[in-house]
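The values are calculated or read from the model by the stated rules, or taken from the named source; none is laboratory data. Keep in mind that this is a model prediction, so the values were computed, not measured. Every residue, glycine as well, gets a Cβ built from its backbone with ideal geometry; the counts of neighbours run over all protein chains shown.
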Amino acid sequence: MARAVNFHLHGNRYDTDDTDTQTQLVNSSKLRVINIGIETSFAISLFWCDFSFLLPAQKQLALVSEMIHTATLVHDDVIDTSATRRGKPSVNALYGQKKAIIAGDYILAKAGAMIARLNNDDVTHILAQVLGDLVQGEFMQMGANEGTTDRFAHYIGKTFNKTASLMAYSCKGVAILGGADESLAEMAFQYGKHVGIAFQLIDDYLDFVSSTTTMGKPTAADLQLGLATAPVLFAAQAVSIPISNNKTKQT
C-alpha cells in the first residue's frame, strides 16, 4: 500500500534518505485522479518491489505493524491455550503463560517507542486506535453469546477489531506519511479494512476444512470453544437454525 500511495503521489521512483528532498517531493506533488481499482492494482503489482520506493518513516511503520501483530499472536495463544503457532511450539508452551504475556507486553512497549519516533500525531492517534480495537475485539469474542441479536454483524465487528483494524490503519498510516490527502488516506483505509476482513473469513473457513499440520496451529479451535464464526453462521442461516454459544474463551 505504501508503494501504491507513493507511486500515485510522485509517479516516478525515488531512492533517497535525504529528509529535505523527501519533504519537497511530498509538498510539491500533485495528485492524479485514478480510481480505487487502480489503487488496488498498484498495491498488488508493486508489493514485491524493492524497498527503495518507500520513505524511511513508512518502513518504520511497517515494522511497528508487524510488531503489534506478533504481540497479538503471543497473547492470542495465551488466551486460546494453544501449544503451537505456525507448526512450532508457541511462546506460552515454551516459557509458560506469565512469561508469554509479559513478552507480548514488551513487544507492544517497543512498538510504542518506535511510533513516538515517527513524530506524527495523526499516525500516533490511529495506531493507538488499533490497540484499543484489539482489546475491544477480544472482549466482543469473549461475550459473543451475551444478548447479541444480529450475530453476523457482531462477527464482522469483532473481525474488524481483532484483524482488519491493524491492516486498515496501517495502510492509512503509510498514506499519511507519504503525504496523501484525506481522500486517498480513506481509500487506503478501506483497502486495508476489506483485505483484513477477507483474510479472517478465509482463515475461519480453513479452520474447518484444513488440518493442524497444514495450518501450523490447532484447527477447529473456535468450534471447540463454542465460538460461531462465518462458516457456522452461514450454515445456520441456510437452514434457519438459531445459534447459541455454550461457552466463551477463557483467559
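For the stretch 217-242, a tally of residues being surrounded by fewer than 14 Cβ atoms within 10 Å (Cβ to Cβ) and among the small types (Gly, Ala, Ser) returns 4. Selection within the stretch 66-90: residues that are more than 14 Å from Leu134 (Cβ to Cβ) and of a type in the set (Asp, Glu). The member of this set that is modelled with the lowest pLDDT is Asp80.
Looking across the stretch 109-131 at every residue that is over 14 Å from Ala71 (Cα atoms) and of a type outside the set (A, V, I, L, M), the one that is surrounded by the most Cβ atoms within 10 Å (Cβ to Cβ) is identified as Asn120.
Considering the stretch 180-214, the residues that are polar (S, T, N, Q) and over 19 Å from Arg85 (Cα atoms) include one that is surrounded by the fewest Cβ atoms within 10 Å (Cβ to Cβ), namely Ser183.
Out of the stretch 85-96, which residues are within 21 Å of the chain's Cα centre (by Cα) and surrounded by 16 or more Cβ atoms within 10 Å (Cβ to Cβ)? Answer for the stretch 85-96, where residues must be within 21 Å of the chain's Cα centre (by Cα) and surrounded by 16 or more Cβ atoms within 10 Å (Cβ to Cβ): Arg85, Ser90, Val91.
Residue by residue, here is whether (1) free of Cβ contacts under 8 Å to residues at least 12 places away in the same chain; (2) more than 20 Å from the chain's Cα centre (by Cα); (3) surrounded by 14 or more Cβ atoms within 10 Å (Cβ to Cβ); (4) in a helix (DSSP H, G or I) holds:
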| site | (1), (2), (3), (4) |
| --- | --- |
| Leu61 | no, no, yes, yes |
| Val64 | no, no, yes, yes |
| Met67 | no, no, yes, yes |
| Thr70 | no, no, yes, yes |
| Leu73 | no, no, yes, yes |
| Asp76 | yes, no, yes, yes |
| Ser82 | no, yes, yes, no |
| Gly104 | no, no, yes, yes |
| Ile107 | no, no, yes, yes |
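Which residue is modelled with the lowest pLDDT, if the candidates are limited to the stretch 123-152 and must be of a type in the set (D, E, K, R) and more than 13 Å from Thr163 (Cα to Cα)? Break it down stepwise before answering.
To start, the set of residues in the stretch 123-152 that are of a type in the set (D, E, K, R) comprises 133, 138, 146, 150-151.
Pick out the ones that are also more than 13 Å from Thr163 (Cα to Cα) and you get 146, 150-151.
Working: Glu146: 57, Asp150: 80, Arg151: 82.
Top of the filtered list is Glu146.
Within the stretch 192-213, at least one residue is in contact (Cβ under 8 Å) with a residue 24 or more places away in the chain and farther than 20 Å from Asn161 by Cα.
Here the condition is being acidic (Asp, Glu) and in contact (Cβ under 8 Å) with a residue 24 or more places away in the chain; of Glu138, Glu186, it holds for Glu138 alone.
Looking only at the stretch 172-214, residues that are within 19 Å of Leu54 (Cβ to Cβ) and assigned to a helix (DSSP H, G or I) come to 14 in all.
Here's the yes/no breakdown for (1) of a type in the set (S, T, N, Q); (2) at positive phi; (3) modelled with pLDDT of 80 or more; (4) within 18 Å of the chain's Cα centre (by Cα):
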residue	(1), (2), (3), (4)
Gly192	no, no, yes, yes
Gln200	yes, no, yes, yes
Val209	no, no, yes, no
Thr213	yes, no, no, no
Gly216	no, yes, no, no
Thr219	yes, no, no, no
Leu225	no, no, no, no
Val232	no, no, yes, no
Val239	no, no, no, no
